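Colleague: Let me begin by handing over the structure; questions about it come next.
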Amino acid sequence: MYEAVFPVIFRVAYRITNSGEAAEDLSQEAFFRLYEKKMVFPSADEAKYWLIRVVKNASLNYAKRKERERKAYQRAFREDERTEKTGEGLLVEKETREEIRRALEQLPENLRMVLVLKEYGELNYREIGRVLGISEGNVKVRVFRARERLTGLLAEENFRKDGSHVS
């Protein structure tokens with residue numbers, strides 16, 4: 001069974017993790033779980049499908065964990081950048097924050113709130129849905145629409161500021 005199933009579950013794990021070492025470890029671990037639990041299946045195919053499910057789930061968990069670690073390292077790296085800001089840089093940053101704040105205020109409450117929770121509260125779609133009492137799908141639609149409207153408002157603001165707009 002090992003010789004027949006290992007190549008299959010290895011390929012599944014490899015495609016999910018993009019790591020030969022991780023795929024091998026996760027595949028071996030699946031067989032250890034099968035052995036430790038002394039599981040009995042009605043057929044070899046059932047055992048094969050069980051092993052595939054175990055490896056798929058373990059690989060997805062591994063990939064999610066690696067992605068979270070990668071993001072944490074990126075955040076830490078970005079936060080550790082200690083560059084002195086010039087007076088001009090601080091002014092531009094302040095003006096940009098002010099433009100975004102004004103544009104956000106122009107959004108309808110339902111769009112503004114999802115964007116604030118997503119971007120400033122750093123909540124995921126499910127969490128935002130729970131907070132607002134709406135479906136995750138509805139949150140995604142609102143975030144998309146809010147970003148579109150905000151981009152349009154900021155573009156309008158920049159257009160007016162450049163003096164390109166004739167009154």
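Colleague: Have a look at Glu69, Glu98, Glu93, Glu105 and point out the one that is surrounded by fewer than 12 Cβ atoms within 10 Å (Cβ to Cβ) and either touching a Cys at 6+ places or on another chain (Cβ under 7 Å) or closer than 30 Å to Val5 by Cβ (or both).
Modeller: From the options Glu69, Glu98, Glu93, Glu105, the qualifying one is Glu69.
Colleague: Here's another thing I want to ask about it. Tell me whether the stretch 121-129 contains one or more residues that are outside any loop (DSSP other than H, G, I, E, B), at pLDDT 85 or above and out of contact with any Gly (no Cβ under 9 Å at 6 or more places or on another chain).
Modeller: Applying the first criterion (outside any loop (DSSP other than H, G, I, E, B)) to the stretch 121-129 yields 125-129.
The next check asks that each one be at pLDDT 85 or above; those that pass are 125-129.
Filter once more, keeping what is out of contact with any Gly (no Cβ under 9 Å at 6 or more places or on another chain): 126.
Among the residues of the stretch 121-129, at least one is outside any loop (DSSP other than H, G, I, E, B), at pLDDT 85 or above and out of contact with any Gly (no Cβ under 9 Å at 6 or more places or on another chain), which makes the answer yes.
Colleague: Does Glu36 meet the test of being assigned by TED's automatic domain parsing to the domain that holds Glu156, out of contact with any Ser or Thr (no Cβ under 8 Å at 6 or more places or on another chain) and modelled with pLDDT of 80 or more? Break it down stepwise before answering.
Modeller: Details: assigned by TED's automatic domain parsing to the domain that holds Glu156: no; out of contact with any Ser or Thr (no Cβ under 8 Å at 6 or more places or on another chain): yes; modelled with pLDDT of 80 or more: yes.
In short, no.
Colleague: Still on this structure, please answer the following. Of Phe41, Phe10, which residue is more than 30 Å from Asn124 (Cβ to Cβ) and either touching a strand residue (DSSP E or B) at 6+ places or on another chain (Cβ under 7 Å) or surrounded by fewer than 16 Cβ atoms within 10 Å (Cβ to Cβ) (or both)?
Modeller: Phe41
Colleague: Do we have Gly89 as more than 28 Å from the chain's Cα centre (by Cα) and of a type outside the set (A, V, I, L, M, F, W, C) here?
Modeller: Yes; evaluated as a whole, the condition is true for this residue.
The values are calculated or read from the model by the stated rules, or taken from the named source; none is laboratory data. What you see is a predicted model, and the numbers here were worked out from it, not measured in a lab. Positions of Cβ are generated from backbone atoms using ideal geometry, with glycine treated the same way; all protein chains shown enter the neighbour counts.
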